[in-house]
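Laboratory data are not the source of any read-out in this text; all were calculated from the coordinates shown. All values reported here derive from a predicted model rather than from experimental measurement.
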């Protein structure tokens, strides 16, 4: 069985953070990894999710992006572009991934992250 997360626009991901849902996002990813082992993960901020033209709306990607996702899932990460789109998460790398993502988010210029900064991630 292959398990993957779908990308959402960076605008929607920012809303997730601003609404204080980042701890739920982390818990959800950890649960997926605990249950399924390897998870192909595309739902973060990257060069694909930053580009509005890659989405029909904030939550629905276009067919070209879907093709890029499935190419990575089927053929693996060799010589792919863009290199920041998609990662295979597992028990060995999930915490490092979440730590790195939190650092990246902390450096982003979101208008209001007060709720995010006060919440501890499990």
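Where the convex hull is taken over the Cα atoms of the stretch 32-80, what is its projected area averaged over directions, in nm²? Could you put the intermediate results ahead of the total?
Numbers: hull surface 16.6 nm².
Orientation-averaged projected area of the Cα hull: 4.1 nm².
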Averaged over all viewing directions, the convex hull of the alpha carbons in the chain casts a projected area in nm² of 7.6
